[in-house]
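See below for the structure under consideration.
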Amino acid sequence: MNVEQDRVVLFHYELSDEAGLALESSRDRDPLAILFGHRNVIPGLEAALEGHTSGDRFRVEVKPEDGYGLRTEGWTQRVSKKHLPNARRLVPGSRTVLRTGSGPRTVTVLKVGSSVVDVDLNHPMAGRTLCFDVEIVDVREAAPEEIAHGHVHGPGAHGG
Ligand code: ZN
């Protein structure tokens, strides 16, 4: 069965940056399961999955524009520590999650003061070209409920 709109695809991936530095892998856990065509992964990876079938292995290089976006220099914000649940443990370079009007956002700590923290609002992967080594494990039809929710239920699923 091929990967197409409203099907569930289970795949393993190894993610590295342009220089070949390993960033992340699904190999130590279950394959990632996504409902295809519902923007559950970055656009460049979703486009590369289309049409593939179980057992396919391929490599795709995703430019920042098709990944987590370009970096915006100077896109920082000063946040009161009381809004950050893990404020005491933050040091420059730490990542934390900020609640914003458009949902939770992963940010990087630049500077820690006594009552405020300066954060970089760019996604940690913004501005980076990402190389995915993908292995398609399985492709199946989605249940009507999964299509209605826009995400996968069951093994490998994130959220409910
Ligand atoms: Zn659901």
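Please treat every number below as a calculation from the coordinates, not as lab data. All figures in this text were calculated on a predicted structure; none of them were measured in a lab. Glycine also receives a Cβ, built like all others from the backbone with ideal geometry; neighbour counts cover every protein chain displayed.
For residue 18, are the conditions met, namely being loosely packed, with under 12 Cβ neighbours inside 10 Å, in contact (Cβ under 8 Å) with a residue 40 or more places away in the chain and within 30 Å of residue 118 (Cα to Cα)?
yes
Which of the following residues is within 25 Å of residue 152 (Cα to Cα) and small (Gly, Ala, Ser): 101, 67?
Exactly one of 101, 67 is within 25 Å of residue 152 (Cα to Cα) and small (Gly, Ala, Ser), namely 67.
Considering only region 43-54, I want to know if a residue exists there that is buried (at least 18 other Cβ atoms within 10 Å of the Cβ) and part of a strand (DSSP E or B).
The answer is no; no qualifying residue exists.
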